[in-house]
Every structure is written in structure tokens, then in C-alpha cells.
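To keep things clear, I will list the structure first and then write my remarks on it.
Rule-based calculations on the coordinates, nothing more; no lab input. This one's a predicted model, so the numbers in the text were calculated from it and none came from an experiment.
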Amino acid sequence: MQKLLPLIVILVLALGGWWWWQNTAAPKAPSSLAAEETPLDAPDTQAGEAAEIADTTAKQTEATAEEVSETVAETPGDQPVPASEAADAADAAADAAAIAADAAAEAVEASQEAGIAPANEAATEAEAAAEDAIAAADRAADAAATSATDTSADQDATETAAEAAEDAASATARAADAAATAAEIETLLTPEGFDAGRVTEIIESAQISQTQKATLMRLVESAATNPDLLRAALDQVKAVMP
């Protein structure tokens, strides 16, 4: 989480140059395309909720980027496009980056609670994806700020902003998936979210000896029907696994 804070500050500063005219443009309503996609199914935890929000935001950002690209493609010759198009792309990218950063922060917290390598790897992937989303949002903001006047924007620069917004959407979707993975692992290692098959898969994939794996699987299996014993068994799994 601490790693992401300087990046978020950089993003805010980068957006300052175009914020004044972006606020004057009439925002578009969210595209219905995003609502048609199957939503991400994540555990009912803070990390899971952040993952689902990031997934929805990624779809909305992608839809906005596609709409902006279509507007550019339909604009004849070298004629400018409305300034609101570049602003929409940059604004969507900024929203996606902020949501991706939040998902990554929640993934880190979930991985710290889980305390095992698969969750840590998922959190690392979420952080990397959030950094990519922030960089893409920065590119979108630069393209929008350098091309637009109060009423119009250059076609090439607007398309650049749209492409950067697509990159931000893709990175945010990756952050969502990684955060969902971290949330799932965190949940699996609790009595409330325990799933014997999935926990066995986690143990089998761990970088520990076969003897340790067999011991942990027997421990979890024997405690599966007793919540108190199961909690202690899962704590032992977290203590033994790297």
C-alpha cells in the first residue's frame, strides 16, 4: 500500500494540467456495454469487494475508450473532434487507475492476513497492474492536455488518449483478477470460507516437502468438521507454508 501512495500523488499532479477544461465538458453516461459483461465473482471481503469494483470500472473504462475511438474514426479528414472526447478518455483512465490502486492495496492487506506465497504473488501482481494503470492514465492525461482547446481536440491526440484509456482498463482488470485471487486465498484459510478441495490444492502447490504436505492435509482433513480445530489447523498451514 505504501508503495502505491507516491504513484497516486504523481497521477494527481499529472491530471492537474487538464482538469480545468475537463470539468467543463458534459460527461457521458456510462455505456451499457459494461453492464452486459459477466461480473467478477469474488469473496465477500474488503479485497473481494475492491476486486469487483475494479472489474466493473475496467469494463466501463474500456467501453468509454471504444466510444471515443469510434467518434474519432467517424470524424472526416483532419477535422477536430469535441474536446469532451479526449476528456472522457482521460477521466475514465484516471478513475480506473485510482480504483486499481485501491484494489492493489486491499490485495496487499489480504495477502498479509493469509501469509502464504500464493496470496503474496497475487498482491504483487495487483500492485504491478495498478502501476501500469496509473502510467496509462498519465499518458491519457498528457494526450488530452496537449491537444485540446475549450471546444475541440486533435484526432490523433484524442485517439492516443483513447488507447491509453484502453491500457488503463486492461491493467485495472488485471488488478481486479489478482485482488480477487488474494481475497479468495484469504477466505479459504478461515473456517467460514474453508473449502477442503481448494485448500488441498494450495497445500499441494506449496514449495515444501512431500512429508509436510501430507501432514498438513491430514491435519486439515481431521479438523474439517470442527470449527475451532479447523481454525487452529489452518493457522498451522499458514505457519508452515512459505
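If each residue of separation counts as 0.36 nm, what is the full-extension length gain between MET217 and ASP78 once their alpha-carbon separation is subtracted?
43.4 nm
To the nearest Å, what is the center-to-center distance of region 89-123 and region 151-198, using C-alpha atoms only?
Between the Cα centre of region 89-123 and that of region 151-198, the gap is 8 Å.
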